[in-house]
Amino acid sequence: LALFPEGTTTSLPHPPWNSWTRGHGWIAQRSGIKFILCFGLSYENQEQAAWTDDTSLLPHLLQTLRAKRTRVRMNASWISLKTRMNALEIAQSTHQNICRAVDYVSAQ
């Protein structure tokens, strides 16, 4: 199951905490899973590659598909869920891990 807690993409280096939904934390807590794999992505040209704001999906998708190539750097990290973590703590942990992953790939 793949979820996007921020609910969108952003041209900012980090997804803002106030846009981070907590539903994935609730799902993780209720399902009893033990780990979450967090991915951080950074596009070579974040301003053009990220689907943001009021941009319509189809024109953006067509523009992206017409590009000869799109360079993306990715980093991933596992979060081990402790038995007593609540949905908010899980959401905070995923947010921190994804921000660190983006920092890592941006520095490469």
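Key figures
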read-out: Filtered residue count, region 2-17, keeping only those that are open to solvent by 40 Å² or more (accessible area, probe 1.4 Å) and either closer than 13 Å to residue 88 by Cα or assigned to a helix (DSSP H, G or I) (or both); value: 1
read-out: Close pairs from region 76-100: first in contact (Cβ under 8 Å) with a residue 40 or more places away in the chain, partner among the hydroxyl-bearing types (Ser, Thr, Tyr) and open to solvent by 30 Å² or more (accessible area, probe 1.4 Å), Cβ under 9 Å, at least 6 apart; value: 77/104; 91/21; 97/77; 98/77; 100/77
read-out: Residues of region 9-68 classified as among the hydroxyl-bearing types (Ser, Thr, Tyr), out of contact with any Phe, Trp or Tyr (no Cβ under 6 Å at 6 or more places or on another chain) and under 30 Å from residue 82 (Cα atoms), total; value: 5
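The values are calculated or read from the model by the stated rules, or taken from the named source; none is laboratory data. If you're wondering where the values come from, they're calculated on a predicted model, not measured in any experiment. Here Cβ is always computed from backbone atoms with ideal geometry, including for glycine, and neighbour counts include all displayed protein chains. For the accessible areas, the whole protein counts, side chains as well, though only heavy atoms, and no ligand, DNA or RNA atoms are used. Shrake-Rupley method; radii C 1.70, N 1.55, O 1.52, S 1.80 Å.
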